[in-house]
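The values are calculated or read from the model by the stated rules, or taken from the named source; none is laboratory data. Quantities reported herein were computed from a predicted structural model and do not represent experimental measurements. Here Cβ is always computed from backbone atoms with ideal geometry, including for glycine, and neighbour counts include all displayed protein chains. Side chains are part of the model used for accessible areas, which takes the heavy atoms of the whole protein and leaves out ligands, DNA and RNA. Shrake-Rupley method; radii C 1.70, N 1.55, O 1.52, S 1.80 Å.
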Amino acid sequence: MEPMNEQLDPDGRLRHLLTLDGLPRPVMEALLDRAQAIVDHGVAGAPLAGQAVCTLFFEPSTRTRMSFQRAAQRLGADVLAFDASTSSTTKGETALDTLRNIEAMGVRGFVVRHAADGAVASLAAAAGAGTALVNAGDGRSAHPTQGLLDMLTLRQAKGRDFSALKVVIVGDIRHSRVARSDLHALRTLGAGEIRVCAPASLLPTDATLDGCQVFDDFDAALDGVDAVMMLRLQRERMEEGLVPSLEGYHRDYGLTMARLRRAAAEAVVLHPGPMNRGVEIDDEVADGPQSLILRQVANGVAVRAAVLEALLG
Amino acid sequence: MEPMNEQLDPDGRLRHLLTLDGLPRPVMEALLDRAQAIVDHGVAGAPLAGQAVCTLFFEPSTRTRMSFQRAAQRLGADVLAFDASTSSTTKGETALDTLRNIEAMGVRGFVVRHAADGAVASLAAAAGAGTALVNAGDGRSAHPTQGLLDMLTLRQAKGRDFSALKVVIVGDIRHSRVARSDLHALRTLGAGEIRVCAPASLLPTDATLDGCQVFDDFDAALDGVDAVMMLRLQRERMEEGLVPSLEGYHRDYGLTMARLRRAAAEAVVLHPGPMNRGVEIDDEVADGPQSLILRQVANGVAVRAAVLEALLG
Amino acid sequence: MEPMNEQLDPDGRLRHLLTLDGLPRPVMEALLDRAQAIVDHGVAGAPLAGQAVCTLFFEPSTRTRMSFQRAAQRLGADVLAFDASTSSTTKGETALDTLRNIEAMGVRGFVVRHAADGAVASLAAAAGAGTALVNAGDGRSAHPTQGLLDMLTLRQAKGRDFSALKVVIVGDIRHSRVARSDLHALRTLGAGEIRVCAPASLLPTDATLDGCQVFDDFDAALDGVDAVMMLRLQRERMEEGLVPSLEGYHRDYGLTMARLRRAAAEAVVLHPGPMNRGVEIDDEVADGPQSLILRQVANGVAVRAAVLEALLG
């Protein structure tokens with residue numbers, strides 16, 4: 001079964017949000033439109049009052065969890081947090097038993113992060129009929145609300161029509177669920193030109209990059225782009241020998257003001273956070289006028305509220 | 001002083017819920033009736049709006065804590081969580097000082113778990129006049145809301161009249177507060193026949209089993225019963241030498257489909273969770289049509305809401 | 001820039017609460033009056049409904065965090081907790097990036113604790129225009145809501161006019177932000193006589209004690225005082241060699257009933273908690289009729305609600 005079928009019901013309504021891969025453009029645009037309305041006008045009333053949303057994190061992430069928590073609060077939902085990465089009380093219980101138990105407590109909405117690719121989709125396939133899951137990141141596969149918030153941020157800066165947009169995604173694409181969700185969304189929304197840039201050791205070897213222009217030279221990749229989407233460099237890439245040093249990475253793939261001038265005059269800069277300042281991005285850029293990084297965070301709450309509302313409203 | 005006197009005021013009204021031992025049958029049945037009404041019709045409005053309930057856990061338990069949290073949320077109460085098992089800020093403070101401090105913050109309802117037998121009753125005895133404690137498990141002594149939710153689950157399946165009911169409790173009764181609270185409740189509600197089954201090493205040597213039929217042969221114990229109440233096997237029993245091996249335990253005391261056929265045709269299966277699948281219970285049974293395990297979890301929220309409402313409403 | 005200017009806007013309105021040092025007496029008294037009204041009459045309605053308050057703790061403190069959480073709940077605010085002391089997800093992010101991110105999620109109120117002196121003021125200086133910070137303790141410098149709740153407690157016991165009040169602060173003043181905030185407040189409110197008492201090793205060597213009478217003999221320091229404000233002895237003072245032993249500290253600086261009789265007949269005893277019973281304070285005193293220690297905790301919620309309301313209402 002296609003992922004898109006798993007997350008849509010027979011009438012094409014969203015049942016879960018697992019991936020942006022195959023998510024129909026009208027569904028994606030409806031979510032973005034609703035998120036934009038929440039940015040502009042807030043949420044009226046408490047559409048999810050009396051309902052509970054559980055953040056079920058098998059891999060820790062304070063910031064993504066807080067963003068979803070704030071989104072649920074803005075909808076008037078109660079929030080339950082289950083930190084499976086530290087809970088000593090799961091006591092060897094399977095992830096599915098944990099989900100089913102919390103489901104039995106009357107919780108219909110789950111925000112799930114898991115280190116294994118496909119784990120959230122597997123849980124969704126086994127969940128009850130009325131239960132909705134949002135993938136808050138699984139392995140290297142998908143982080144769909146990050147992809148949506150990045151698209152919302154690009155739309156605000158560059159307009160709804162992406163057909164003339166030149167975008168470059170820079171960094172550890174190989175291990176990044178953010179990059180994969182961004183690529184899925186950019187393709188669906190018809191971005192004019194999608195570039196990726198990384199050292200060969202950080203490029204995926206599967207079909208992830210189909211249709212992208214691949215660069216290893218950052219200066220060339222930046223030439224004339226409208227948006228630069230930076231990725232976080234995980235320090236374990238050094239330990240794994242995939243990157244020689246932080247200094248070397250910064251020299252070749254760090255976004256400096258000098259480099260940014262190669263992009264289009266009005267080019268914008270995105271980063272999913274948390275940033276390694278001085279490694280993949282310089283302070284001047286991160287805090288400069290072209291940076292949309294804090295706008296991304298603000299959009300994240302609105303996107304997540306739109307998704308939870310669509311699933312549970 | 002009798003436990004029942006500690007938890008009832010002179011008019012027989014519930015002040016705390018510490019144990020089911022000695023809890024009068026009308027009080028117990030009123031709680032079960034109210035919980036059933038919550039299962040059937042939900043909670044109207046927010047009867048505890050403006051009040052705060054604190055989960056004060058000196059022993060970790062994510063699931064029980066979440067169940068109480070959800071119950072408090074359904075009543076419209078604010079929830080404060082104090083995880084005394086990991087808090088570095090108690091800094092050697094006594095449990096009583098911790099309780100009194102949170103009490104002074106204006107919190108009237110406490111859900112307390114503690115590793116020591118009697119610790120929750122001691123705290124209740126020292127608490128302020130308007131404060132109500134719910135024992136969420138103390139040592140091996142009592143876990144009264146688990147006992148109540150098990151009784152609610154049995155009532156739903158078998159009717160309110162337990163006089164013809166044959167029940168067997170299986171597993172580590174010696175170390176189990178769940179078993180003790182179930183036994184207290186089954187006796188009070190007049191269960192027709194109460195059997196227990198365990199290897200001798202896991203049987204209590206005190207008065208816990210008074211009036212029970214004791215089996216060490218699981219097949220014999222199952223013969224004709226209407227309900228099988230399984231207990232979780234803690235892995236430390238192996239380290240303590242009380243159980244030879246997980247495989248041996250499963251062979252002698254694991255509930256398989258083949259074994260379950262010895263029980264009555266409509267027999268139901270309960271387990272307090274989390275389950276050790278393949279040790280005390282097989283997947284086929286746990287996920288089969290006779291299993292009420294997820295119903296127990298759902299009932300847990302309703303029972304806890306009924307208890308909190310009775311104490312704080 | 002003076003701290004008082006950092007926390008007041010040009011119209012003299014409170015923008016942040018960073019320290020009591022230099023906080024104008026009318027501002028301080030207005031907060032105390034409002035807190036007293038909350039003690040007497042509660043909070044009407046939900047003045048902060050729809051707003052979010054984030055507890056951002058770079059140093060752990062369950063009790064102070066809970067007190068602020070309860071205060072925010074009483075105002076109807078949503079609460080987000082960010083425990084930066086254990087979060088693995090800050091991943092080297094700066095405190096300022098963490099603040100800015102949560103700010104971007106639409107959170108305007110922050111309750112911040114940090115181990116470094118001045119860290120909260122630095123964050124406040126860099127925060128957005130609409131953001132308000134409450135210092136919940138920074139290094140040894142300030143813990144202003146503790147100072148305010150201590151003043152509220154003294155006012156309730158001794159009246160609003162402190163001009164005839166004799167107060168002694170006892171213990172590890174050198175390392176105590178509580179002592180510093182108490183000293184700032186006592187001076188501003190015109191306390192008649194301020195004494196401090198500690199072994200020389202626990203006295204500050206800076207301007208903290210300007211205008212105080214300094215004692216190393218506890219018996220002499222207690223003579224005729226109206227209020228005894230005890231401090232917690234951190235056990236690391238032993239390891240650092242600043243205090244010879246717990247027994248020796250108790251002998252010289254422990255508040256016993258016998259010692260308390262040297263104070264005025266109606267003298268009251270305060271302690272910020274958590275107490276080391278049998279070290280700096282005896283059970284008889286802590287639980288005796290002159291102790292206001294639990295009253296302090298109750299006042300803490302009201303003071304914090306008054307502060308959050310003043311900043312965010």
Quiz item: So which residues in the stretch A:272-297 end up with at least 20 square angstrom less accessible surface once the other protein chains are there, compared with the chain by itself, probe 1.4 angstrom?
Solution: A:P274, A:M275, A:R277, A:L294, A:V297
Quiz item: What's the angle, to the nearest 10 degrees (0 to 90), between helix C:177-188's Cα axis and the longest principal axis of chain C?
Solution: 90 degrees
Self-check item: Inverse mean reciprocal Cα-Cα distance (Kirkwood Rh) of the stretch B:177-241, Å
Solution: 13.0 Å
Exercise. Could you check how much of the accessible area of chain C is carbon and sulfur, as a whole percent, using a 1.4 Å probe?
Key: 49 percent
Quiz prompt | Between C and B, accessible area buried - total, square angstrom, nearest 100, 1.4 angstrom probe | solution = 1800 Å²
Exercise. Take the Cα coordinates of the stretch C:1-135, assign each an equal point scatterer, and use the Debye formula without solvent to give log10 I(q)/I(0) at q = 0.12, 0.19 Å⁻¹.
Key: -0.49, -1.24
Quiz item: What residue among A:Q51, A:Q36, A:Q234 shows peak mean-square fluctuation when chain A is described by a Gaussian network model with Cα springs under 10 Å?
Solution: A:Q234
Quiz item: So what is the orientation-averaged projected area of the stretch B:24-77, using the convex hull of its C-alpha atoms, in nm²?
Solution: 4.8 nm²
Practice problem: Report, please, the projected area of chain C averaged over directions, based on the convex hull of its C-alpha atoms, in nm². | Solution: 15.7 nm²
Quiz item: Using all Cα-Cα distances in the stretch C:49-197, what percent lands in each 10 angstrom bin from 0 up to the longest?
Solution: 11, 36, 31, 17, 5, 0
Self-check item: Karplus 3J(HN,Hα) series, Hz, for the stretch C:206-212 with 6.51 cos²θ - 1.76 cosθ + 1.60 (x for Gly, Pro)
Solution: 9, 7, 3, 9, 3, x, 8
Quiz item: chain C: longest stretch without exposed GluC sites (Glu not before Pro) (DSSP loop, at most 13 other Cβ within 10 Å), sites themselves excluded?
Solution: C:1-239
Quiz item: Put simply, what bits of the stretch A:30-61 lose 20 Å² or more of accessible area when the other protein chains are there, versus the chain on its own (1.4 Å probe)?
Solution: A:P60
Quiz prompt | Relative frequency of Cα-Cα separations exceeding 20 Å in the stretch B:99-153, percent | solution = 28 percent
Self-check item: Highest-MSF residue in chain A out of A:D217, A:D40, A:D21 [GNM, Cα springs under 10 Å]
Solution: A:D40
Exercise. Starting from the Cα of C:D217, step 7 Å along the direction of its Cβ; do the same at B:T205; then give the gap between the two resulting points in nm.
Key: 6.1 nm
Quiz item: If you plug each phi of the stretch B:125-134 into the Karplus form 6.51 cos²θ - 1.76 cosθ + 1.60 with θ = phi - 60°, what whole-Hz ³J(HN,Hα) values come out, in order, with x for Gly and Pro?
Solution: 5, 9, 6, x, 4, x, 8, 10, 10, 10
Quiz item: Which values, in whole Å and largest first, are the semi-axes of the equivalent ellipsoid of the stretch B:144-293 obtained as the square root of 5 times each eigenvalue of the Cα gyration tensor?
Solution: 22, 18, 14
Exercise. Determine ³J(HN,Hα), in whole Hz, for all residues of the stretch C:101-110 in sequence, where each value follows from phi through the Karplus function 6.51 cos²θ - 1.76 cosθ + 1.60 and θ = phi - 60°; x replaces Gly and Pro.
Key: 5, 5, 4, 5, 6, x, 8, 9, x, 10
Quiz item: For chain C, what is the accessible area per residue in Å² when the probe is 1.4 Å?
Solution: 36 Å²
Quiz prompt | the protein assembly as shown: projected area of the alpha-carbon convex hull, averaged over directions, in nm² | solution = 41.2 nm²
Quiz item: Taking the DSSP beta bridges in chain B as the whole, what percent of them are antiparallel, to the nearest 5?
Solution: 5 percent
Practice problem: Among B:M257, B:M105, B:M275, determine the one that fluctuates most according to a GNM of chain B built with springs between C-alpha atoms less than 10 Å apart. | Solution: B:M105
Quiz item: So how far apart, in nm, are the two label points at C:D117 and C:A30 if each is 7 Å from Cα heading toward Cβ?
Solution: 3.0 nm
Self-check item: Counting DSSP beta bridges with both ends in the protein assembly as shown, the antiparallel % (nearest 5)
Solution: 5 percent
Quiz item: So which trypsin sites (Lys or Arg not before Pro) in the stretch B:181-284 pass both tests, a DSSP loop state and at most 15 other Cβ atoms within 10 Å of the Cβ?
Solution: B:R235, B:R261
Quiz item: What translational D, rounded to a whole number of µm²/s, comes out for the stretch B:133-188 from Stokes-Einstein when the hydrodynamic radius is the Kirkwood one over Cα pairs, at 37 °C and 0.692 mPa s?
Solution: 280 µm²/s
